[in-house]
Amino acid sequence: MTTNLLDFDLDALTHWCVVQGEKPFRARQLSRWIHQRGETSFARMSDLGRGFSERLSGIAEVRELPLRADQIAPDGTRKILFDVGGGNAVESVFIPETDRGTLCISTQAGCALDCQFCSTGKQGFNRNLTTGEIIGQLWWARRALGDFAPEVRERRITNVVLMGMGEPLLNFDATVAALRLMLDDHAYGLSRRRVTVSTSGIVPGIDRLREACPVALAISLHAPNDALRDSLMPINRKYPLRELLAACHRYLERAPRDFITFEYVMLDGVNDGTEHARELAVLLRDLPCKFNLIPFNPFPGAAFGGTPMERIRRFQARLMDSGYVTTLRKTRGQSIDAACGQLAGEIQDRTRRTLRLRLAAEASS
Ligand code: SAH
Ligand code: SF4
């Protein structure tokens, strides 16, 4: 199999070029062609030198992710589903807003952490994505949105969040290589604050990320105490709140002007009471942070309901009264099920159903 150049960050690409007997600067040229212009044909990479580009054509490629579905909702939210083989699909969502465009990407096919409110968690874990599959989502979306065109000055994708399927810090190496490409001036050149890793709270992963690539950090909190968080997110039994918050403090020591974003999904009658808001205010007292309240996205078989909007607003007001910047995530693209893990879950179901039907048909013939 040929080498997929999307699998390399710039250091790895430089090493690979040197192994091929080329000068290190060839890696920067290649990176600019691939990640800044979206070029896949080595023959068209005009400054590589004919010998090298001919050789590349035999040993390497820029491997595109196969597409399963691409849907655009009336509000402009675009949901893209990629086939990653073995009956698995992962999704990316592009969310346009007036002053920015955010691409949400996946890091694993499925997730092992089994959070009770999460459709991805309910699908179980299939496998880690490779660096090429993670960065390939951004590469694909940039091309589809026209961001690679040389005359485009204002890119449509200004921010990237790792909030799609999977737990990024349990696929650490591939995720960090992809993050480095996002930040690299010879690749996507995004600023550190415009790239966000969202984690369920993998404490050793947070510490490693701080050393390897301290981008903006979001923590899926969802509960103000260990008893409730244990019941919603089994990972809390391994890394309880005290340890998690200590890791957040250590993270901010490395980036003192930053803050942590706490994501909090609003589950009706579960974590959305006055007492929970009060507990949160005390828990996070001395940590520079903000809240992002997320309306619950229901999915078939979910054991929860979403908090009604007026109570979400009341919860928001309580946190703001306690001095916390608290934003409310808009529900976007509902007509195309653009909620975390949903479309992939549906497709996976359908695939399984198709498989079952086929097996049933084979058995009866
Ligand atoms: N595994 C990482 C990143 C992916 S999940 C994490 O857990 O942080 C991205 C965000 O969507 C998380 O905050 C997650 O808790 C939230 N989420 C999961 N299922 C949801 C649902 N059904 N409704 C609303 N938000 C959900
Ligand atoms: Fe995994 Fe995040 Fe879903 Fe939890 S919320 S199951 S960590 S993807």
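Overview of results
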{"read-out": "Three principal axis lengths of the chain [C-alpha, angstrom, descending]", "value": "69, 66, 39"}
{"read-out": "Linear extension gain, Arg143 paired with Arg313, 0.36 nm per residue minus alpha-carbon span", "value": "57.4 nm"}
{"read-out": "Distance violations [Cα-Cα > 29 Å] among Lys79/Lys238; Lys238/Lys330; Lys122/Lys238", "value": "Lys79/Lys238; Lys238/Lys330"}
{"read-out": "222 nm mean residue ellipticity, helices alone, for the chain (DSSP H n ≥ 4; -39,500 (n - 2.57); rounded to 500)", "value": "-11500 deg cm²/dmol"}
{"read-out": "Low-density loop cleavage sites - trypsin sites (Lys or Arg not before Pro) in the stretch 135-195, where at most 12 other Cβ are within 10 Å (DSSP)", "value": "Arg153"}
{"read-out": "Principal-axis tilt of helix 309-321 within the chain, Cα atoms, nearest 10 degrees", "value": "90"}
{"read-out": "The chain: relative contact order as a whole-number percent, Cα under 8 Å and 6+ apart", "value": "15"}
{"read-out": "Separation between Cα centres of the stretch 264-334 and the stretch 72-114, rounded to whole Å", "value": "23"}
{"read-out": "Lys, Arg +1 and Asp, Glu -1 on Cβ, resulting dipole of the stretch 240-335 about Cα centre, debye, nearest 20", "value": "300"}
{"read-out": "Among Gly51, Ser31, Leu5 the positive-end extreme of the charge dipole of the stretch 3-61 (Cβ point charges)", "value": "Gly51"}
{"read-out": "Exposed-loop-free span, longest in the chain, where GluC sites (Glu not before Pro) count as exposed if DSSP calls them loop and at most 16 other C-beta atoms lie within 10 Å", "value": "155-365"}
{"read-out": "The stretch 2-22 and the stretch 222-250: distance between their alpha carbon centers, rounded to Å", "value": "40"}
{"read-out": "In the stretch 1-83, the trypsin sites (Lys or Arg not before Pro) that fall in loop regions by DSSP, at most 13 other Cβ within 10 Å", "value": "none"}
{"read-out": "Theoretical gain in end-to-end length, Asp75 to Ala281 [0.36 nm per residue, Cα-Cα removed]", "value": "70.8 nm"}
{"read-out": "Spin-label zone in the stretch 200-234 - amide nitrogen under 20 Å from a point set 7 Å from the Cα of Thr274 along the C-beta vector", "value": "224-225"}
{"read-out": "Calculated FRET value between Glu253 and Leu328, using beta carbons and R₀ = 25 Å, to 0.05", "value": "0.25"}
{"read-out": "Accessible surface, per residue, of the chain when the full set of protein chains is kept, probe 1.4 Å, Å²", "value": "45"}
{"read-out": "Portion, in percent, of the accessible area of the stretch 80-224 that falls on carbon or sulfur, probe 1.4 Å", "value": "48"}
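The values are calculated or read from the model by the stated rules, or taken from the named source; none is laboratory data. Computed from a predicted structure; not experimentally measured. With ideal geometry, Cβ positions are generated from the backbone for all residues, glycine too; neighbour counts draw on all protein chains shown. Quick note on the areas: whole protein, heavy atoms, side chains included, nothing else; ligands and nucleic acids left out. Shrake-Rupley method; radii C 1.70, N 1.55, O 1.52, S 1.80 Å.
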